[in-house]
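A quick write-up on the structure given underneath.
The values are calculated or read from the model by the stated rules, or taken from the named source; none is laboratory data. Because the structure is a prediction, the values reported are computed rather than measured. Note that each Cβ is placed from the backbone with ideal geometry, even for glycine, and that neighbours are counted across all protein chains shown. Side chains included, ligands, DNA and RNA excluded: accessible areas come from the protein's heavy atoms. Shrake-Rupley method; radii C 1.70, N 1.55, O 1.52, S 1.80 Å.
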Amino acid sequence: DVRWFDYWLKDKSNGVDHDTQVKIFVMGDNQWRDEPAWPLKRARSKIFFLAGSGQANTPAGDGKLVEQRPADKSSDHYTYDPRDPVPTIFGPGNFTCATDLRPLSNRTDILVYQTEPLTQRVEVTGFPSVELYAASSAPDTDFVAKLCDVLPDGRSILVADGILRARYRQSRARPRLLEPGKIYEFEIDLWSTAWLFSTGHRLRVIITSSCFPRFDRNPNTGRSIADSIEMCTARNRICHDDQHPSHIVLSVILPR
């Protein structure tokens with residue numbers, strides 16, 4: 001904003017010092033908006049639980065995002081092969097941005113969970129995160145979570161994403177390998193966003209174990225990337241039941 005530079009660098013009295021402290025751009029609505037603080041104080045946490053009957057692989061599966069905590073004992077599986085990682089879908093100029101993820105639709109090493117078409121608009125502005133209950137056949141692996149906006153025409157637009165290396169689930173300073181087959185809780189930070197999901201759209205969460213080359217591949221061996229020359233496949237399981245309620249937490253903005 002030229003006014004900001006004029007005020008601070010040229011000593012112009014133009015009222016910038018009285019502007020609101022925060023200005024955000026809400027994608028989907030494509031509007032700039034002034035806010036008094038960040039994070040937004042009127043934001044309310046909303047949880048969507050991962051659910052399904054064990055066939056959530058690809059968008060054609062039975063994975064769902066639901067507001068009621070699942071009661072059935074169920075889980076989904078996929079195989080992560082670091083020799084064939086899920087590719088990063090870059091936008092123009094090789095930047096990560098709001099790209100269409102439909103090129104990943106036929107991969108069976110991703111799990112897809114989505115809502116029914118929305119009956120009213122939902123604004124998500126803040127810091128989304130995914131609480132994942134998962135197990136792996138490997139001593140170390142990665143978990144990637146992506147939040148997408150699915151349009152009525154089928155486009156799946158990336159809104160926010162994040163990754164967690166399993167060994168760092170508790171601390172980066174004190175890494176701990178996994179006990180194969182044991183269920184652990186993982187918190188995946190999806191950073192921040194400001195996005196309006198329109199009526200008729202769906203919220204979608206994608207779970208996988210790679211996004212290459214944006215993130216380096218985990219060889220699944222438990223050894224450090226620096227000296228690991230071997231790779232092995234990992235059979236990863238995502239749980240979503242009453243004892244292991246995998247879910248996404250969204251900051252939903254209530255109308256003023």
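Values for this structure:
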quantity	calculated
Residue in region 177-185 that is open to solvent by 80 Å² or more (accessible area, probe 1.4 Å), modelled with pLDDT of 95 or more, of a type in the set (A, V, I, L, M) and in a loop (DSSP other than H, G, I, E, B) present	yes
Test for A160: is it among the aliphatic types (A, V, I, L, M), under 10 Å from the mean Cα position of the chain (by Cα) and closer than 25 Å to Q243 by Cα	no
Pairs where the first residue, in region 1-26, is within 27 Å of T125 (Cβ to Cβ) and open to solvent by less than 80 Å² (accessible area, probe 1.4 Å) and the second is in a helix (DSSP H, G or I) and hydroxyl-bearing (S, T, Y), C-beta under 9 Å, 6+ apart	G15/Y7; V16/Y7
Count of residues meeting criterion [among the hydrophobic types (A, V, I, L, M, F, W, C), open to solvent by 50 Å² or more (accessible area, probe 1.4 Å) and touching a strand residue (DSSP E or B) at 6+ places or on another chain (Cβ under 6 Å)] in region 151-176	1
Subset of region 46-75 (residues that are small (G, A, S) and touching a strand residue (DSSP E or B) at 6+ places or on another chain (Cβ under 7 Å))	A51, G52, G54, A56, G61, G63, S74, S75
Residue in region 91-104 that is modelled with pLDDT of 95 or more, buried (at least 19 other Cβ atoms within 10 Å of the Cβ) and over 14 Å from V205 (Cβ atoms) present	no
Members of region 181-206 found to be touching a residue at least 60 places away in the same chain (Cβ under 8 Å) and of a type in the set (A, V, I, L, M), listed by number	I183, L190, A194, L196, L203, V205, I206
